[in-house]
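Take a look at the structure below.
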Amino acid sequence: PATITVDEGTDVLLKVTNDGTFGHNLSLPDGTKTADLVPYSTAELKVGKVTEDMTLFCSISGHKEQGMHFDIKVKK
């Protein structure tokens, strides 16, 4: 999904799968990220306790600008 909603304080662990034909990753705003994933590979990304909305993104050059991002919304 492009967006998920979690309760404030939820400890989030994401299972990330690259369904594309190019390498991708998923990065947190603080720079923590998965490895660059080859097509059809999977990794986990520990986000931790989420207390505010955040946008995660692919940090491979140009990918974020092409709209490759993922939002976590917090329900308070």
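The values are calculated or read from the model by the stated rules, or taken from the named source; none is laboratory data. None of the values given here were measured: they were computed from a predicted structure. When we count neighbours, we look across all protein chains shown, and the Cβ atoms used for this are built from the backbone with ideal geometry, even at glycine. Ligands, DNA and RNA are excluded from the accessible area calculation, which covers all protein heavy atoms including side chains. Shrake-Rupley method; radii C 1.70, N 1.55, O 1.52, S 1.80 Å.
Flag: GLY31 does not match the condition of being open to solvent by less than 20 Å² (accessible area, probe 1.4 Å), over 12 Å from VAL74 (Cα atoms) and small (Gly, Ala, Ser). Would you check which residues across the range 46-60 are open to solvent by 30 Å² or more (accessible area, probe 1.4 Å) and more than 12 Å from the chain's Cα centre (by Cα) and list them? If the condition is that a residue be open to solvent by 30 Å² or more (accessible area, probe 1.4 Å) and more than 12 Å from the chain's Cα centre (by Cα), then LYS49, THR51, GLU52, ASP53, ILE60 are the ones that fit.
So that you can scan it fast, the table gives a plain yes or no per residue for (1) surrounded by fewer than 14 Cβ atoms within 10 Å (Cβ to Cβ); (2) of a type in the set (Ser, Thr, Tyr); (3) not in a strand (DSSP E or B):
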site	(1), (2), (3)
THR5	yes, yes, no
LEU13	yes, no, no
TYR40	yes, yes, yes
GLU44	yes, no, no
GLY62	yes, no, yes
ASP71	no, no, no
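Looking only at the range 15-38, which residues are free of Cβ contacts under 8 Å to residues at least 40 places away in the same chain and part of a strand (DSSP E or B)?
Residues of the range 15-38 that are free of Cβ contacts under 8 Å to residues at least 40 places away in the same chain, as a first pass: 15-23, 25, 27-38.
Passing the criteria: LYS15, VAL16, THR17, SER27, LYS33, LEU37.
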